[in-house]
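A short reminder: the numbers here are calculations on the coordinates, not readings from a lab. Just so we're clear, the structure is a prediction, and the values are computed from it rather than from any experiment. Note that we place each Cβ from the backbone using ideal geometry, even for glycine, and neighbour counts take in every protein chain shown.
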Amino acid sequence: MNLKGSTVLIVDDKPENLDVLIIHLSKTFGFTILVAQDGYKAISLAHQFSPDIILLDIMMPGIDGYETCVHLKVNSATKDIPVIFMSALSETVNKVDGFEMGAVDYITKPVEYEEVFARVKTHLTLRYLQKYTEETNKQLQQEIVERKRLEKKLHDLASIDGLTKVANRRSFDEYLNQKWQEMKQNESPLSLIMCDIDYFKQYNDIYGHPIGDTCLYQIAQNIHQVVTTETSLVARYGGEEFAVILTNTSLEQAYKMAQLIQDRIARMQIAHEQSEISPYLTVSMGISSIVPNSHVPDKLIEIADKMLYQAKSQGRNRINYDVARFEVKDH
């Protein structure tokens, strides 16, 4: 590891006593040397230049080395800079005090230059390894975040309808199969609402497909805003048809949800000059609900589709269901 170019801040009220040390560190080892003669100047230089290591004398006028170290360690900008105390005080208690203040090492004056360099080299190496680890971890975290972002993007591309921004048919099929098994195990009702925009071909013919696409998006988003439960799913089933899966939801509850959807779309008042039943865009809906048993989810879709067909054939802008259709028994 090349330590040349590292910045060393030396803090001593009598730096002339350390001239040989400063020259030695600068000329022989290629360190950049900063010098401060008191604690206040040391704190200022540390903030300004962010040295790689600090050699700090303890006995100084004004604030001593201990207090200077405390100031450095409580500040987020300087707290990670390693501090080595230098002092003629060689008692164990003095060394312990230094370590408690946050110092990483202790050198007894008069200093031995080779010892100083060895200790400086050791703690610079440790500091660089710490920085490398921190930067590597930061990079790894960024890569994890980016990977998750890409995974979400890929998931959205695979599961979200690009036009309406609700779930696509693939997500619908997967979710329905998953919830079918869950409701079967819990013996809870699973409901499905199939929703179709009335006279949408005529809407596209008169207003154009770009406006039609905007209409599909608005309808999908408004349905999504009505269906707010976490265990529900709004999906584009195909063309102008949407599906709503509702777990732990009875037929009566599903019917109320369908009414809310119908009312929401009516309040949107999307003009539809070619509609045969209203000056505004309307929807027809079919509902099915069942406590899953040995039947497959296709049964739920089949019933909802039939109810939707009846709603459209009976004049549209309707919600149809047939209670008898939900009492499906095993044979």
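Ranked by the mean number of other Cβ atoms within 10 Å of their residues, highest first, the peptides 11-18, 204-211 come out as 11-18, 204-211.
3J(HN,Hα) along the range 60-75, derived from phi through the Karplus expression 6.51 cos²θ - 1.76 cosθ + 1.60 where θ = phi - 60°, amounts to 9, x, x, 8, 7, x, 4, 5, 4, 5, 4, 4, 5, 7, 8, 9 Hz, with x in place of Gly and Pro. In this simple spin-label approximation, K256 and T125 carry label points 7 Å from Cα along the Cα→Cβ vector, and these lie 7.3 nm apart. Full extension of the chain between D173 and Q274 yields a length gain of 33.0 nm, computed as 0.36 nm times the residue separation minus the alpha carbon distance.
Between T229 and R264, the distance separating the two model label sites (each 7 Å from Cα on the Cα→Cβ line) works out to 1.4 nm. At an R0 of 30 angstrom, the distance between the Cβ atoms of E151 and D213 translates into a FRET efficiency of 0.60. Here the label points at D13 and E143, each 7 Å from Cα along the C-beta direction, are separated by 5.2 nm in the simple model. If you compute P(r) over Cα pairs in 20 Å bins from 0, in percent for the structure shown, which of (i) 31, 59, 10, 0; (ii) 25, 25, 11, 26, 12, 0; (iii) 31, 51, 17, 1 do you land on? Computed from these coordinates, P(r) over Cα pairs in 20 Å bins from 0, in percent corresponds to label (ii).
Relative contact order of the chain: 13 percent, from C-alpha pairs under 8 Å at least 6 residues apart in sequence.
Ordering I223, Y128, L281 by Cα displacement along the dipole of the chain toward the positive end leaves L281 in first place; charges were set at the Cβ atoms of Lys, Arg (+1) and Asp, Glu (-1).
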